[in-house]
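These notes are about the structure you will find just below.
Where a number appears in this text, it was derived from the coordinates with a stated rule and is not lab data. The model shown is predicted, which means the values in this text are computed figures rather than measured ones. Because the Cβ atoms are built from the backbone with ideal geometry, glycine has one as well, and the counts that use them run over all protein chains shown.
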Amino acid sequence: MKLDLLYGRDGLEVDIPDDIDVTVIRKYPMEPLPDPRRSILDALANPVESQALGTIAGTGKTVCILICDITRPVPNGIILPPLIDTLREAGVSKEDILILVATGLHRPNEGDELREIVGSEEVFNWIRIENHFARDRDAHVNLGMTSSGIPIMLDRRFVEADIKIAVGLVEPHFMAGYSGGRKVVAPGTAYQDTILMFHTAKILEHCNAANCVIQGNPLHDALIEIVRRVGGILSLNVVIDEERRIGFVNFGDIEASHLLAVDFMRKYAEVTVPRKFKVVITTSAGYPLDRTYYQTVKGMVGVIDILEPGGTIIIASECSEGMGSKEFVEAQRLLCRVGPDEFMSILHGRHKALIDEWQTEMLVKALRVGKIQLYTTKLGKDDLKDVYVEPIPSIEEALAQHIKTQGLSEIAVVPEGPYVIPLYREEG
């Protein structure tokens, strides 16, 4: 049996022996919108718990539009033109519109990469586009603290705009439950200290800081407090299918519209599976998410609910950009030196997380369930010393070894990686 996995830009074909029973787990079928532009314009004119954008906007109003960075496959080339057109028709001048890339603590997106994420040559050449820089203290406004003591410091360009719009892709997220909405604002436009405070082990080790969980999720709750402190933020939310076609769009109040988008996405991304497996093959969702090992961790965590304790996750991720940030590499090296238990003891002792160590923490969360094997073609030997999982030369070879040593006859395969979350539920 041949299966295509999302891997890099071109995909990866895996050949599985015919005598193996394969459960392929995909999103439930989603009907793409027949006319996405029309649907976006309709959403802007008929918002959720807000006035229409054309009514809110007007001459002399300043607008800041947040978009996600290169790590998210947001179809901005389809979304941004009708959004900009609506603002212009309402009288907003192009000089008063800023598109801000909500990078969080990720690196900036520039040049051809910036052009790629904007997705529209007209918008790219006509509208001012800038990156958020989380480490620039003076670029942020201090709005006080959350009830749990997290400083609320956000990009001044966003906070001081008359109209604030977050454009986001709503998909499962392994810490915040679902991406998009409030998450585009923070960590998207937050100062580093804000980001470090809501990525502590105290928050992320909570049982509800997990894929597809919103209710009682302490990270989600902190982010909601932050957007409420700003007030008046609007959100344009989209959902995409496995072929990255838009299946849903809405616009309006950032809390209400985002929750409706989450409710829609749940019906497709949360897939009930009646059993667990000794081996699960998955991915990091291909380009752009699998550019780094840092992002690859999401694919590992995404399948743990259907992995038998002590079983093995085999994950394919190109890692075309390497490991990720230098801070993430340092966290990985710490894990390699001290092991998972001591690593987590160190994290629990921190009042404020160190940059990007939370991704290693999530790797440990997956390792608590079972083993992990990594297939990648872009990490070098020095990189592979720091991954803390087992590198494999091919998925077929690793699978053959499991078949030989375990008498394996059944596996699960999740070709789309963390964009679909299999959830174990007993039948009956």
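Taking K and R as +1 and D and E as -1, what net charge do the other residues with C-beta under 14 Å from the C-beta of ILE226 add up to? Let's see the in-between values first.
Values: positive: LYS164, ARG182, LYS183, ARG228, ARG229; negative: ASP155, ASP193, ASP221, GLU225, GLU255.
Residues near ILE226 contribute 0 overall.
If you sort the three axes of the alpha carbon gyration tensor as a ≥ b ≥ c, you get a/c of 1.5 or more for the range 1-100 and a/b above b/c, which makes it prolate.
Sorted ascending by nearby beta carbons within 10 Å, beginning with the fewest, ILE346, ILE152 become ILE346, ILE152. Going from the fewest other Cβ atoms within 10 Å to the most, the residues ASP15, ASP96, ASP138 appear in the order ASP138, ASP15, ASP96. Along the axis of the charge dipole computed for the range 36-269 (Cβ charges of +1 for Lys and Arg, -1 for Asp and Glu, origin at the Cα centre), the listed residues MET145, ILE84, THR62 are led at the positive end by MET145.
For the range 344-380 and the range 186-237, what is the centre-to-centre distance using only Cα atoms, to the nearest Å? Cα centres, the range 344-380 to the range 186-237: 20 Å. Put +1 on the Cβ of every Lys and Arg and -1 on every Asp and Glu Cβ in the chain; which of ILE403, LEU33, THR189 then has its Cα farthest towards the positive end of the dipole? Of the options given, the answer is THR189. Pair-distance distribution P(r) for the range 120-218, from all Cα-Cα distances in 10 Å bins starting at 0: 15, 39, 34, 11, 2 percent.
Karplus-based coupling profile of the range 117-128, in residue order and whole Hz: 6, 5, x, 10, 5, 4, 5, 4, 7, 10, 10, 5, with θ = phi - 60° in 6.51 cos²θ - 1.76 cosθ + 1.60 and x standing for Gly or Pro. Once each of the GluC sites (Glu not before Pro) sitting in a DSSP loop with at most 10 other beta-carbon atoms within 10 Å is removed, the chain keeps 1-242 as its longest stretch.
Less than 5 angstrom separates the built amide H of HIS173 from those of TYR178, SER179, CYS212, all sequence-distant by 5 or more or on a different chain.
Ordered from longest to shortest, the equivalent ellipsoid semi-axes for the range 36-269 are 25, 21, 17 Å, each the square root of 5 times a Cα gyration tensor eigenvalue. If I take R0 = 35 Å and measure r between the Cβ atoms of ASN125 and ARG266 in this structure, what FRET efficiency does the formula 1/(1 + (r/R0)^6) give, to the nearest 0.05? Between ASN125 and ARG266 the formula returns 0.35. Ordered by the count of other Cβ atoms within 10 Å of each Cβ, fewest first, TYR294, TYR424 give TYR424, TYR294. For the range 283-294, 3J(HN,Hα) computed residue by residue from phi via the Karplus equation (6.51, -1.76, 1.60; θ = phi - 60°) reads 9, 9, 6, x, 5, x, 5, 8, 6, 9, 5, 3 Hz, glycine and proline entered as x. Across the range 26-38, coupling constants 3J(HN,Hα) worked out from phi with the 6.51/-1.76/1.60 Karplus curve, θ = phi - 60°, read 10, 4, 5, x, 10, 7, x, 5, x, 9, x, 4, 4 Hz, and Gly and Pro carry x. Normalising the average separation of contacting C-alpha pairs (under 8 angstrom, six or more residues apart) by the number of residues puts the relative contact order of the range 36-269 at 22 percent.
The angle between the Cα long axis of helix 218-230 and the main principal axis of the chain comes to about 10°, on a 0 to 90 degree scale.
Calculate for the chain the 222 nm mean residue ellipticity that helices alone would give, adding -39,500 (n - 2.57) per DSSP H run of length 4 or more and normalising by residue count, nearest 500 deg cm²/dmol. Could you put the intermediate results ahead of the total?
Values: 16 runs with 149 residues, N = 428.
Calculated from helices alone, the mean residue ellipticity at 222 nm is -10000 deg cm²/dmol.
Taking 12 Å as the cut-off, the amide N atoms of the range 357-390 that come nearer than this to a point 7 Å along the Cα-to-beta-carbon line of THR405 belong to 371-373, 390.
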